1. Quick check: the distance between the Cα centres of region 46-112 and region 198-241, to the nearest angstrom?
2. Mean separation of Cα pairs under 8 Å and 6+ residues apart, divided by the residue count of region 196-285: what relative contact order is that in percent?
3. If you take all C-alpha pairs in region 77-216, what percent of them are over 24 Å apart?
4. If you average over every viewing direction, what projected area does the convex hull of the Cα atoms of region 1-129 give, in nm²?
5. Would you please give the residues with an amide H less than 5 Å from that of Ile111, counting only those at least 5 places away or on a separate chain, with H modeled from the backbone geometry?
6. If you fit an axis through the alpha-carbon atoms of helix 232-246 and take the longest principal axis of the Cα set of the chain, what angle between them do you get, 0 to 90°, nearest 10?
7. Can you tell me the relative contact order of region 2-142? Whole percent, Cα pairs under 8 Å, sequence separation 6 or more.
8. How big is the equivalent ellipsoid of region 146-312 along its three axes, where each semi-axis is √(5λ) from the Cα gyration tensor, reported in whole Å from largest to smallest?
Amino acid sequence: MKVGIVGSGMVGATSAYAIMLRKAASDIVLIDANEKRAIAEAQDIMHAVPFAAATDIYAGSYKDLKDAKIVVIAAGASQKPGETRLMLMEKNAAIMRDIISKTAEVNPNAIFLVATNPVDVITHICINIASEFGIPSTKIIGSGTTLDTARFRSLLGNYIGVDPQNVHAYVIGEHGDSEVLCWSNVDIGGVTLEDFIAHRSIEFNDEIKNRIDDGVRNAAYKIIEGKGSTYYGVAGAIAKLVDVINRDNRAVLTVSALKEDVEGIKDVTLSLPHLIGGEGDLGVLPIRLSVKEKMLLKKSAEIIKEKIDEYEKTL
């Protein structure tokens, strides 16, 4: 149950910490262009091991990935002054190629978890690069709206007074502004949201609904405004994915993956509920959506597809 994490910044290091706390792996190797950073993060996390679960955590190189089941991609370039979005995308594409090619050289069977933003476009790029090395798209999984779904369940659960783990609700589409909260199929322990709030006499109207929607959709902006970046939430999502894959738990998660057709939009990478197991992505699951939600999902797919096409024109 060995996991490699490429990129030892806040997302990569926090993911390693979350994986250790969750007991989701026996070995975690951190790889970073800044070797001192990787060593320091590994040592810091290792000092917390006596208080949690026995895990071997160390800094290494790509050769250490030869027996890793999962490789988390948390590396990426940040946008510099005067740099366009396309320039940044090209730079990140080069980083993804370097990571995938070096990993495939020592371990062509690894499952890649992509956490680098914009995660849908980066995942799409990774899928195309991986195909050149014979790696199937089912082994390239973007964190997608896994975190957004958790935010939705958390905010809704807090409002209605229910453990979020008993709230079944999905956020689909883009991990970004156009994401779609699927209100039409929310259930609380198998009971529809409408029946639950009626039975418990809970006030619920469009104002409350919009407040929860805003809390989910704009969560990252508010966190970034307060402390500069987000990392705990996505680290929790990565740790969950690692746990599910390593234990073959067959969990349903809203990950970003390549779709042949989404509401008429062809070859687009976005999030829908997928069954995730020991072999990676085991397939998308059908989800019933309202007419409005289908329209919003199509719009979200169009936005992602436009970004993908814009990048691909530069190749």
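1. If we compute the Cα centre of each part, the gap is 27 Å.
2. Reported relative contact order: 19 percent.
3. Value for region 77-216: 48 percent of Cα pairs lie more than 24 Å apart.
4. With the hull built on Cα positions only, its mean projection is 7.6 nm².
5. Sorted by chain and number, the residues that satisfy this are Ile70, Val71.
6. Tilt relative to the chain: about 80 degrees.
7. Taking the mean separation of contacting Cα pairs over the length of region 2-142, I get 23 percent.
8. 25, 19, 18
Taken together, the values in this text are just the output of simple stated rules run on the coordinates, not laboratory data. Model, not experiment: these values are computed from the prediction. Cβ sites come from the backbone with ideal geometry, for glycine too, and all protein chains shown count toward neighbours.
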